[in-house]
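For reference, the structure discussed in these notes is given below.
The values are calculated or read from the model by the stated rules, or taken from the named source; none is laboratory data. Since we're looking at a predicted model, the values are computed, not measured. No Cβ is skipped: glycine too gets one built from the backbone with ideal geometry, and neighbour counts run over all protein chains shown.
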Amino acid sequence: MTNSATRNVKTIKTPLNRAHPRTSLSIVIPSGGSGQRMKAYGAKSLIEIKPNLTIIQNQTNIIHEKFTGNYEIILVTGFQAQKVMDNIPTNIIAIENERYKETNVVRSIGMGLRAATSDRVLIVYGDLVFNNKAFSFPMNKSTMVISDTMSQNEVGCTICNKYVEQLLYDLPNKWAQITFVTGKELEMLSKLCWDSSNERMYGFEVFNKVIQDGGKFLTVSPKGLKINDIDSSKDIKTIKDILE
């Protein structure tokens, strides 16, 4: 592919040595799937949530507002990949998960981690709509964002002493699908995501594996955060207050 948004795609082939990171923060946005209920709307990253504002534009606008210095944004797409790559800012590294139909988000996360050049990684799901409070938390240890504005049918977690014990459906304390990973948790997550036997797993399942193996994720609930994901056309209508 010749589009400038696809630069650094080759870095997915070989794990990078993060001992000497080239960026202060890598932001990985897995957005490979289409969602059976949303195919008519096209790729989720390009869904227009208000006039002239797509999901990916809203996400990147807030990222650029929040972070300064040397950071990188890595979008892993799949469904209608070429269309996505043709309609995103050129300062985003875009990678195609060409096997998105037969794999799950763990493969997309793994491809993003292959491309990441930092030992500090922020994972932000590609179907999320949020306000500018989404990243208002310290990023010095592995952390999961929890929010009561997420839909009740989303994955929740049990919490002990502010740390996640387990992620499952039908639990309170809804995981906002934003996770900061560093240190041993990043190394554990990378190995699990790069293991092809895990490529059909959901994200919460692989994070559970990290926790079961001794990893720890602090929980935070940024004050004023409004966030939800887009799973159906109904969700598009209910996110207006997030963007106000």
Check: Name the pairs whose Cβ atoms lie under 6 Å apart, with the first residue in region 132-152 and within 16 Å of Trp175 (Cβ to Cβ), the second of a type in the set (Asp, Glu), and 6 or more positions between them or separate chains?
Finding: Ser142/Glu185
Check: What number of residues within region 88-98 are charged (D, E, K, R) and crowded, with 17+ Cβ neighbours inside 10 Å?
Finding: 1
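Identify all residues within region 197-213 that are touching a helix residue (DSSP H, G or I) at 6+ places or on another chain (Cβ under 8 Å) and without any contact (Cβ under 8 Å) to a residue 24 or more places away in the chain; write none if there are none.
Initially, region 197-213 is screened for residues touching a helix residue (DSSP H, G or I) at 6+ places or on another chain (Cβ under 8 Å), giving 198-203, 205-207, 209-210, 213.
The answer is Lys209, and nothing else.
Can you name the helices (runs of 4 or more DSSP H) wholly within region 136-244 that have at least 1 residues being more than 26 Å from Thr54 (Cα to Cα) and among the aliphatic types (A, V, I, L, M)? Spell out the reasoning first.
Values: elements: 183-194, 203-212, 233-238.
Result: 183-194, 203-212.
Could you go through region 71-87 and let me know if any residue there is closer than 17 Å to Lys209 by Cα, buried (at least 17 other Cβ atoms within 10 Å of the Cβ) and out of contact with any Asp or Glu (no Cβ under 8 Å at 6 or more places or on another chain). Spell out the reasoning first.
Within region 71-87, the subset closer than 17 Å to Lys209 by Cα is none.
Scanning region 71-87 turns up no residue that is closer than 17 Å to Lys209 by Cα, buried (at least 17 other Cβ atoms within 10 Å of the Cβ) and out of contact with any Asp or Glu (no Cβ under 8 Å at 6 or more places or on another chain).
Can you find, within region 225-240, the residue that is modelled with the lowest pLDDT among those that are of a type outside the set (D, E, K, R) and under 16 Å from Val155 (Cβ atoms)?
Looking only at region 225-240, we keep the residues that are of a type outside the set (D, E, K, R), and these are 225, 227-228, 230, 232-233, 236, 238-239.
Filter again for under 16 Å from Val155 (Cβ atoms), leaving 227-228, 230.
Numbers: Ile227: 96, Asn228: 94, Ile230: 88.
By that ranking, first place goes to Ile230.
Being more than 30 Å from Glu98 (Cα to Cα), among the charged types (D, E, K, R) and in contact with a strand residue (DSSP E or B) (Cβ under 7 Å, 6 or more places away or on another chain) is the filter here; which residues of region 111-169 pass it?
If we filter region 111-169 for residues that are more than 30 Å from Glu98 (Cα to Cα), which is where we start, we get 131-133, 136-141, 146-149, 152, 157-166.
So of that shortlist, the ones also among the charged types (D, E, K, R) come out as 133, 141, 148, 162, 165.
Lys141, Asp148, Lys162, Glu165 - these are the residues of region 111-169 that are more than 30 Å from Glu98 (Cα to Cα), among the charged types (D, E, K, R) and in contact with a strand residue (DSSP E or B) (Cβ under 7 Å, 6 or more places away or on another chain).
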Next item on the list: Could you check Pro172 against (1) touching a strand residue (DSSP E or B) at 6+ places or on another chain (Cβ under 7 Å); (2) free of Cβ contacts under 8 Å to residues at least 40 places away in the same chain; (3) closer than 29 Å to Glu96 by Cα and say which number it fails?
Entry: (3)
Checklist line | Glu244 under 27 Å from Met111 (Cα atoms), free of Cβ contacts under 8 Å to residues at least 60 places away in the same chain and of a type in the set (Asp, Glu) | finding: no
